[in-house]
1. Does the stretch 95-142 hold any residues that are in contact with a Ser or Thr (Cβ under 9 Å, 6 or more places away or on another chain), surrounded by fewer than 16 Cβ atoms within 10 Å (Cβ to Cβ) and in contact (Cβ under 8 Å) with a residue 60 or more places away in the chain, and which are they?
2. Can you find a residue in the stretch 45-63 that is part of a helix (DSSP H, G or I), in contact with a Leu (Cβ under 7 Å, 6 or more places away or on another chain) and at pLDDT 90 or above?
3. Only one residue in Gly8, Gly40 is surrounded by 11 or more Cβ atoms within 10 Å (Cβ to Cβ), at pLDDT 70 or above, of a type outside the set (Phe, Trp, Tyr) and in contact with a helix residue (DSSP H, G or I) (Cβ under 8 Å, 6 or more places away or on another chain), so which one is that?
4. Collect the residues in the stretch 74-121 that are over 25 Å from Leu23 (Cβ atoms) and of a type in the set (Val, Ile, Thr), keeping them in residue-number order.
Amino acid sequence: MSSRGSRGWLLQRVSGVLLFITLGTHFYIYHYFMGPGMWGFDSIGYGANDLLTLKLMAESDPSLARFYALASMFADPVWKVFDVTFITLASYHGFYGIHSIIDDWVTRDGWRSLANGVVYLFGFIVWVTGVVAVVSFNPQLF
């Protein structure tokens, strides 16, 4: 990859494919599998005691039961790795896309450098915020 930008172009395509896979997994697990009926927790690592607790909470307040079910998932290191991967792919893909638009449309070098610097800074802040939120989440605080 000798030409300028070809590595970024390739990583943009790879991150897009991986983002599509992680987005599909995220959507299936968080929005379909953990649906309003609260079924299926045993098959993703929740024991009978957790399921009973979730069902009791669902009787009093369904939104509270859903929160604790998600909090239990966020406490699992496997899901933390998944979510950090998802955040990393989404941040890279999105902010590199903005960088590409700036390179195509901003003609003056000084303005292009400034705009790309702002995009890199904002992208880094968004990524760090997402990773810190996922890694430091502690369901025992709630």
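The values are calculated or read from the model by the stated rules, or taken from the named source; none is laboratory data. The model shown is predicted, which means the values in this text are computed figures rather than measured ones. Cβ coordinates were reconstructed from backbone atoms using ideal geometry, including for glycine residues, and neighbour counts include every protein chain displayed.
1. Within the stretch 95-142, Pro139 is the sole residue that qualifies.
2. Among the residues of the stretch 45-63, not one is part of a helix (DSSP H, G or I), in contact with a Leu (Cβ under 7 Å, 6 or more places away or on another chain) and at pLDDT 90 or above, which makes the answer no.
3. Numbers: Gly40 fails: at pLDDT 70 or above.
From the options Gly8, Gly40, the qualifying one is Gly8.
4. Scanning the stretch 74-121 gives Val106, Thr107, Val118.
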